[in-house]
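Single-structure report; data block below.
The values are calculated or read from the model by the stated rules, or taken from the named source; none is laboratory data. All values reported here derive from a predicted model rather than from experimental measurement. Glycine also receives a Cβ, built like all others from the backbone with ideal geometry; neighbour counts cover every protein chain displayed. Surface areas here come from the heavy atoms of the whole protein model, side chains and all, with no ligands, DNA or RNA. Shrake-Rupley method; radii C 1.70, N 1.55, O 1.52, S 1.80 Å.
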Amino acid sequence: MAMVPSSSGGGPPVIAEVEMNSGADSGATTVRATVVQASTVFYDTPATLDKAERLIEEAAGYGSQLVVFPEAFVGGYPRGSTFGFGINITIGNPKDKSKDEFRKYHAAAIDVPGPEVTHLAAMAGKYKIFLVMGVIEREGYTLYCSVLFFDPLGRYLGKHRKLMPTALERIIWGFGDGSTIPVYDTPLGKIGALICWENKMPLLRTALYGKGIEIYCAPTADSRQVWQASMTHIALEGGCFVLSANQFCRRKDYPPPPEYVFSGLGEEPSPDTVVCPGGSVIISPSGEVLAGPNYEGEALITADLDLGEIARAKFDFDVVGHYARPEVLSLVVNDQPHLPVSFTSAAENEKTSAAKSDSTARLY
C-alpha cells in the first residue's frame, strides 16, 4: 500500500466489451492500481492533459498497471457554480453572464472521439497502463459527465455516460442511457465504472454485477465521510475491488473572481481554502481499506490487488449467483441507445435494396 504525494502541479474505433486480452500479463494474480487525487486546471483543457500525463508517468513509475482519475478531471467539475440558476438568470437574454459561464465550460469539454481522446489513448500506450479517465464529453451543444476507458496498446475502448446527474448537475449535463454501461474483460480483470451518486442506485450496480465486474471504478465529487461507507458496502455487496478517485481542490485551482464566483458559501473563499478535500480510497472485496482515504492534498494512492480475494469473497456472497433468487427478484436492463432524432429513410433504402436483390436472384 502506498499514498504518494503528487509532484504535479478523431480517435480510434471503440473496442467491443470483453474483446481485449493483450497488453498485460494474463497470468498475473496481483494488480497494482493507482487512484489519482488531483485538481483539474479549470477552463484549460490542454494544461489539464499535460498534468494528467505527468501523473500517469509518476504512477507508471511506481509500477501501476491501472490508473483511475476523478470525475470530470478533463473539463472540470463546476464546484460552487450554479450557472445562474437559483440566483438570477434571464432566460431570454443571450448575453447573461451565467450563459457565458456555460459557453466557457462547453469550450473546455471534449468530443468523443476527438483529438483529446487520441491524446489520452497515446498516453495509455506510452506508459503501458489501463487508463480510466473522468471527462466532460461534448456532443453538439449538450454536455455529458463520462468515463473513458483505454488499454496499454493505446486503444480507446469505450465510455460510460453518467446515467443520472445529481441536483444542479442536471442543469448542465445530459442523461446517459443503457447503451453505455460497459464492463471490459481485460488481463487485469473485468473493469467498469459508475460515477459519483450513480453508485447509490442499486439496480445500476446490479447491472455491473451481472456483467461480472471485478475492479469497480467509482470516480466521484463526493468528499464526505459517509461516502466511505458506500464504497465499503459496494465492495462487500459486489465481491469486487472498489477504486474511488476524487479531486483535491483549493479555491485557487479555479479562476479568480469575478471570472468564476463560488455561490452559496456566504462569502468568497480565500485562495487557499480547500473546496474539495478528496477522500480517494481503494477497498478490497472483503471490505478492507487497502489505501486511503486521503484528505491531505493531491496524491497518487496505490495498492496491490490480490485477485484471489474475489473468489474468497464470492464464496460467502455472490449477489448475482448463488445468493440470487431470480424466480422472485430479477432485473431487465434496456441497453439500447435512445436518440432524440432518428430517420427512417436509411432503413427503408436498405429494405428496398434487399428486396431488389432477392427479386434479381429469383430471375436466374
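Would you check the accessible area of Tyr323, probe 1.4 Å, heavy atoms only, in square angstrom rounded to 10?
Around 140 Å² of this residue is reachable by solvent.
Considering only the other residues whose Cβ falls under 13 Å of the Cβ of Glu309, what net charge follows from Lys and Arg at +1 and Asp and Glu at -1? It would help to have the intermediate numbers written out before the result.
Working: positive: Arg312, Lys314; negative: Glu214, Glu288, Asp304, Asp306, Asp316.
Residues close to Glu309 contribute a combined charge of -3.
Within 9 Å, Cβ to Cβ, of Val275, how many net charges do the neighbouring residues add up to if Lys/Arg are +1 and Asp/Glu are -1? Don't jump to the answer; show the numbers that get you there.
Working: positive: Arg79, Arg250, Arg251; negative: Asp253.
Once positives and negatives cancel, what remains is +2.
Using the Karplus curve 6.51 cos²θ - 1.76 cosθ + 1.60 with θ = phi - 60°, work out ³J(HN,Hα) for each residue of the range 148-153 in order, rounded to whole Hz, and write x for Gly and Pro.
10, 10, 9, 10, x, 8
What whole-number distance in Å separates the alpha-carbon centres of the range 97-128 and the range 217-254?
Here the two parts' Cα centres lie 23 Å apart.
So for His106, His338, what's the accessible-area order with a 1.4 Å probe, most first? Mind showing how you got there, number by number?
On the way: His106 30, His338 115 Å².
Output order, biggest surface exposure first: His338, His106.
Between His338 and Phe315, what is the label-point separation in nm under the 7 Å Cα-to-beta-carbon projection?
4.3 nm
Please list, by residue number, every one of the GluC sites (Glu not before Pro) in the range 236-326 that is coil in DSSP and has at most 15 other beta-carbon atoms within 10 Å. Present the calculation step by step, with values, prior to reporting the outcome.
Values: sites: Glu237, Glu259, Glu267, Glu288, Glu296, Glu298, Glu309; in loops: Glu259, Glu267, Glu288, Glu296, Glu298.
Answer by residue number: Glu259, Glu267, Glu288, Glu296.
Scan the range 165-256 for chymotrypsin sites (Phe, Trp or Tyr not before Pro) in coil per DSSP, keeping those whose Cβ has at most 15 other Cβ atoms within 10 Å, and list them by number. Mind dumping the intermediate values first?
Working: sites: Trp173, Phe175, Tyr184, Trp197, Tyr209, Tyr216, Trp227, Phe241, Phe248; in loops: Phe175.
Those that pass, being in a loop and sparsely packed, are Phe175.
By the scheme Lys and Arg +1, Asp and Glu -1, what is the net charge of all other residues having a beta-carbon under 14 Å from that of Phe248?
On the way: positive: Lys51, Arg79, Arg250, Arg251, Lys252; negative: Glu71, Asp222, Asp253, Asp272, Glu296, Glu298.
That sum, taken over residues with Cβ under 14 Å, equals -1.
If you look at just the Cα atoms of the range 182-267, how large are its Rg and its Dmax in Å?
Rg then Dmax for the range 182-267, in Å: 16.4, 50.
For a distance above 22 Å, tell me the whole-number percent of Cα pairs in the range 258-333 that qualify. Display every interim value, and only then the final one.
On the way: 1649 of 2850 pairs.
For the range 258-333, the fraction of Cα-Cα distances above 22 Å is 58 percent.
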